[in-house]
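The structure under discussion appears below in the form of structure tokens.
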Amino acid sequence: MAIVVAMFVAVACDTPNEGKEPTVGSGTITYNTSTAEVVGAFCQSDEDTVVLYFTPSDVKFDALDAAQYYLKITLEASLLNGKSLDVGKGEAVVELFDIEKENELKATNGTVSISGAVKSASFDISLEVTLDDERSVAALSFNGGCISSGAVEYANEWTYMHNKVGALNSIIWGAFIDTREVNMWHIYLAPVKDITFEEVSYFSPVKITIPVDFPLDGSKHLFSESAEISVTYGSEVWNSANAPQGSIRAEYNAKRGNFKIRFTTDGKLKGYYSGPITVVE
């Protein structure tokens, strides 16, 4: 029998004043039958994403893996508007990392509402979710400052929202870019290790098509800017017609052979990759 897990959050994270020791606000965090004060509260952000962390352990941000446990909330910065976000549809991601029991719990259902500004790192949050082990209960009540902890770190993976199963994550093990067409380039993100370009299509890669003049300088570009931009996964295709607010950031250093790309469609597929890329000519 599944036990519903609920988290109720009220958060305000203030950027510490320059020259002063950053302080953490007050609150309590409950996990199963144990309730403790929030000791660590941290914020990461960039232009696209905001990540919040809370823990009852007295640790610094770079030592969260030494905490008893911590709660992590991830969402797109554009969604900091107070509207209700559906966790089950991947509009926000909520995770609880139980370090002592070596267990990672992920919210599969529920809603998150967050308003705030990335620049000031100030947020108000209400959250209620169900976690995926069907027996854990957690809750958080917090108000006050959190410590700014740098830019968001992304994993090499994509997340696909399945209509029935929910969020499905896949590690991206490598990338190929096919430059043989005159006007179009095709980027393939491989979900398996040690394959050749001739093999990649057999393993359901994410395929990203861009015009040859697409800026590979890390700048953000919407699908609506060009009918030639598209993202394909399986039988589904996203482009300017059905996902105009979808976006791609790509950066390529040919001298070093390093390639970075971050993409999102209409909320159903998003991902990030940074690493070497094989050029097919």
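The table that follows gives values for the structure above.
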read-out: Among (i) 1.03; (ii) 0.94; (iii) 1.00, the entry that matches Rg/Rh (Cα atoms, Kirkwood Rh) as calculated here; value: (iii)
read-out: Ellipticity estimate at 222 nm from DSSP helix runs (n ≥ 4, -39,500 (n - 2.57)) divided over the chain, nearest 500; value: 0 deg cm²/dmol
read-out: Extension reserve of the K220-S204 stretch, reckoned as 0.36 nm per residue once the Cα distance is removed; value: 3.2 nm
read-out: Computed FRET value (nearest 0.05) for T23 with N81, which takes r as the C-beta separation and R₀ as 25 Å; value: 0.35
read-out: Cα shape, segment 26-148, gyration tensor, a/c 1.5 rule; value: oblate
read-out: Relative contact order %, segment 26-148, counting alpha carbon pairs below 8 Å whose residues are six or more apart; value: 26
read-out: Long pairs among K207/K270; K72/K164; K72/K193, criterion Cα-Cα beyond 22 Å; value: K72/K164; K72/K193
read-out: 5 angstrom amide H check on N109, placed H, neighbours 5+ away; value: T130
read-out: DSSP-loop trypsin sites (Lys or Arg not before Pro) across segment 148-253, with at most 13 other Cβ within 10 angstrom; value: K164, R180, K193
read-out: Where trypsin sites (Lys or Arg not before Pro) fall in DSSP loop in segment 65-112, at most 15 other Cβ within 10 Å; value: K101
read-out: A227-E134 FRET efficiency (beta carbon distance; Förster radius 51 Å; 0.05 resolution); value: 0.65
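We did not get these values from a lab; they are worked out from the coordinates using the rules stated. These figures come from a predicted structure and were not determined experimentally. Positions of Cβ are backbone-derived with ideal geometry, glycine not excepted, and every protein chain shown enters the neighbour counts.
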